[in-house]
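Okay, structure first, notes after.
The values are calculated or read from the model by the stated rules, or taken from the named source; none is laboratory data. Keep in mind that this is a model prediction, so the values were computed, not measured. Every residue, glycine as well, gets a Cβ built from its backbone with ideal geometry; the counts of neighbours run over all protein chains shown.
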Amino acid sequence: MKKNFLFLVPASLFMLSASAQDNATTANKNKEMPGFIVVKQAAATPVKNQSATGTCWSFSTTSLVESQALKSNLGEFDISEMFTVRNIYKEKARNYILRQGHAQFSEGGLGHDVIRAIATYGAMPESVYSGLKEGQFLHNHKELIANLKKYLDGMLHQTPLPLNWMDGFTQILDDALGKPPAEFEYKGVKYTPLSFAKNVLQFNANDYVNITSFTDHPYYEPFIIQVPDNFSNGAYINLPLDEMIQVTKDALTKGYTVLWDADVSNSGFKQNKGVALLDDTSINAFKKVTLHGMRDANNAKNKTMDPGIKKQMEQAGNVDENSIFANGGPKEVSWDADLRQTLYEKLITQDDHLMHITGLEKGMNGENFFKVKNSWGNVGPDKGYIHVSEPYFAINTISLIIPKAAISAAMLEKMKVR
């Protein structure tokens, strides 16, 4: 992801309680978002604001790790996103230099970068390292990235390249973000970033599985996902589209959460309204793509519904005329794996933004929705969350990271994951 988003709204103080994991069929009482019925909601830490940075990959994946700590009864943590960001910036700089400038150097990254960074460099609490200097309240990396890029390009004009070039790069990071401590105290005990990750967070990179779905690569095999921000050549296991969707639902049903990398630069993604739909207006750019034989999203709704959820829908009563569930519910277009692949190859579906899926929901007419935690601050009617329809998810997903414990033994065997 490399798009920057600035919302001058403080991060939400809302905290999903751990007990919500067991409250699987409690109706959503948010008056501003009527019609959504909670099927399963995992515990999550408060919404944050990446502000004017392209670091959603760090915010979303850090949120995933925090939810895993809650799921494991380790407690609630506020882990520093910017400690990971500065470490990845340094990796990107080395890649840029060794490729002699023939590589992307930007703020963007992917979720596996965070998993690898925590395993390699460790982690620390936000209270120890925020990446904000005194008097700063919001992140803004526009000037920082410009200065870092200028420095790297200047180094590339020097022959031979000084072996200590990273010192100057690190100094720019320190000046802008502050210098992280080599050792810090947490609850009366001293830790290094690595010992904190290992002993407090009990972090293990092997606990996570990278997943995607494209038709141009063999299924159940890993491949290096082809998006600009995959500077580190991370590999993702390729699943058929239906199985990618199902493994996501299964993980959420078990009370786990999922990292989601998706295209959001289309009219169907409406954070300010709290919903993302694969409606007619969101496909104006690709009307010429044939839809013959594709799955009808409306006819594919799950008709076999849990009786408790069905009863809650009946008790929810009428929805506001402006609700997406008015007049028969959202009208979404037909979809399948071929449409998904076509949009990707036409560069319409792109690696825009990473978010954190924390729950499963039903719409008033039985539609499947994912509840997604964004990192744009307290924006929209659901205070930083957005309700994403299954059709939108199916077409716009680039990749996922799912806790291994959330995946069935049969699926792990299919994917050859040990």
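Observations on the model:
- Scanning the range 109-144 for residues that are charged (D, E, K, R) and assigned to a helix (DSSP H, G or I), we see that the one that is surrounded by the fewest Cβ atoms within 10 Å (Cβ to Cβ) is E143.
- Against the test of being closer than 30 Å to Q341 by Cα and polar (S, T, N, Q), the options N204, N164, N210 yield a single qualifying residue, N210.
- Condition met for L70 (more than 26 Å from A182 (Cβ to Cβ), part of a helix (DSSP H, G or I) and at pLDDT 95 or above): yes
- Enumeration of residues in the range 78-102 that are among the hydrophobic types (A, V, I, L, M, F, W, C) and surrounded by fewer than 15 Cβ atoms within 10 Å (Cβ to Cβ): L98
- The range 82-113, residues that are touching a strand residue (DSSP E or B) at 6+ places or on another chain (Cβ under 9 Å) and either among the charged types (D, E, K, R) or under 15 Å from I401 (Cβ atoms) (or both): E107, G109, L110, G111, H112
- Residues of the range 243-270 classified as modelled with pLDDT of 95 or more, within 25 Å of D229 (Cβ to Cβ) and polar (S, T, N, Q), total: 2
- Taken over the range 144-196, the criterion of being closer than 15 Å to F105 by Cβ and acidic (D, E) is satisfied by D153 alone.
- Complete set of residues in the range 218-246 that are more than 19 Å from L110 (Cα to Cα) and either of a type in the set (F, W, Y) or within 16 Å of the chain's Cα centre (by Cα) (or both): Y219, Y220, I245
- Cβ separations smaller than 9 Å between residues 6+ apart or across chains give the following pairs from the range 139-152 residues that are acidic (D, E) to residues that are assigned to a helix (DSSP H, G or I): E143/A176.
- Note on the range 192-218: among residues that are within 23 Å of Q350 (Cβ to Cβ) and not β-branched (V, I, T), the one that is surrounded by the fewest Cβ atoms within 10 Å (Cβ to Cβ) is D216.
- Among the residues of the range 238-252, those identified as out of contact with any Ser or Thr (no Cβ under 6 Å at 6 or more places or on another chain) and closer than 16 Å to L339 by Cα are P240, D242, I245.
- Taken over the range 221-263, the residue count meeting the criterion of being among the aliphatic types (A, V, I, L, M), surrounded by 14 or more Cβ atoms within 10 Å (Cβ to Cβ) and free of Cβ contacts under 8 Å to residues at least 60 places away in the same chain is 1.
- Residues that are touching a residue at least 60 places away in the same chain (Cβ under 8 Å) and not in a strand (DSSP E or B), drawn from the range 205-220: A205, N206, D207, S213, F214, T215, D216, Y220
- Within the range 78-96, residues that are at pLDDT below 95 and among the β-branched types (V, I, T) reach no partner that is in a loop (DSSP other than H, G, I, E, B) and surrounded by fewer than 24 Cβ atoms within 10 Å (Cβ to Cβ) with beta carbons closer than 7 Å at six or more positions or on different chains.
- Top-ranked residue of the range 271-294 - restricted to ones that are in a loop (DSSP other than H, G, I, E, B) and among the aliphatic types (A, V, I, L, M), ranked as modelled with the lowest pLDDT: L291
- Residues being modelled with pLDDT of 95 or more and at positive phi - total across the range 348-382: 1
- The listed residues are I237, I245, I172, and the only one of them that is outside any helix (DSSP H, G or I) and β-branched (V, I, T) turns out to be I237.
- Residue match in the range 381-399 (condition: in contact with a Ser or Thr (Cβ under 6 Å, 6 or more places away or on another chain) and charged (D, E, K, R)): yes
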